[in-house]
Amino acid sequence: MQRRPTDLNIAGAIDLSSLKKPAAAPPGEAPAESSLGHVIDVTEATFETEVLQRSMTVPVLLDFWADWCGPCKTLSPVLERLAAADGGAWVLAKIDVDKNQALSTQLQIQSIPTVLLALGGRLIQGFTGALPERDVRSFLDQVLAAAQQAGLPGPAGGPPVPPPMPTDPELVQAEDALAQGDWVGAIAAYDALLDRKPADPEATTGRAFALLLQRTDGIEPADVLRAAQAAPDDVEAQTLAADVEVLGEQIQPAVDRLVGLVRRTSGDERDTARTHLLDLLSVLDPEDPRVLAGRRALANALF
């Protein structure tokens, strides 16, 4: 099970001052202006300004993520939605671990998604994994209370007062079910949201991810891959192997496997392979070059 947020232990916070700071701006040149948004992208070069300095005014949540991380795609929209809803009471700093490996190593990030908190120039452990929205909200309430106790001025010099939570009951229900490993419940909740909001991107992506988790629940990846190697034209074996590869961050092998299957099959089997590949691609970032290349390869295989 993923660890739940617990009461914040400010006394146990870690001083961040030892982290490497970016080089100063050349003489006569102004330093880069800090972003004013509630959700910002942070790099090793901007960590000092966007996280350490900013945390002296408002809490800064650090979201460590990557394009290939499925649970990150569940958690990030929740964090972004709550950051916008809280209107600057805290700032979400998104850190791509692939592009900021040195920073991730310094902060001992061992799995993603991981959320840390910077408060008053100090680092506090947050949580790991894609928690349901109500648990994230509970954690944020603790964060805001701690910020007030620490005397942080908050946005515009006032105390951070969060506005009401945004409501989308089906999405909250789906996220809760995912966190509990209830794939059937998550799929049903996403279906209910799609009935009300057809083509909703969060529901579409979330449903595809829940289906992927359901298909691979309890399987042994090595056994699946061996079975697929022994039966290259078995559609069921090949699609399950592609599932395993996507969950193992092997996106290109999964694409190559299913595109090859599309080329070798016809009729219903070909359609199954085609649809399965599209479902897997929908779980990933649509701007990911591997996704774009996969869609082109599928088009070429079909025509």
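Each value in this text was obtained by applying a stated rule to the coordinates, not by laboratory testing. Predicted model only: the values in this text are computed from it and were never measured. Positions of Cβ are generated from backbone atoms using ideal geometry, with glycine treated the same way; all protein chains shown enter the neighbour counts.
Some points to look at:
- Charge tally around L194: other residues with Cβ under 13 Å, Lys/Arg +1 each, Asp/Glu -1 each, net -3.
- For the stretch 115-123, the Karplus equation 6.51 cos²θ - 1.76 cosθ + 1.60, evaluated at θ = phi - 60°, returns couplings of 10, 10, 10, 9, 9, x, x, 10, 9 Hz by residue, with Gly and Pro reported as x.
- Peptides 97-105, 238-246 ranked from most to least packed give 238-246, 97-105, packing being the mean of other C-beta atoms within 10 angstrom over each peptide's residues.
- Using the Cβ-Cβ distance between R263 and R295 with R0 set to 22 Å, the FRET efficiency from 1/(1 + (r/R0)^6) comes to roughly 0.90.
- The distance separating the Cα centre of the stretch 97-155 from that of the stretch 261-275 comes to 45 Å.
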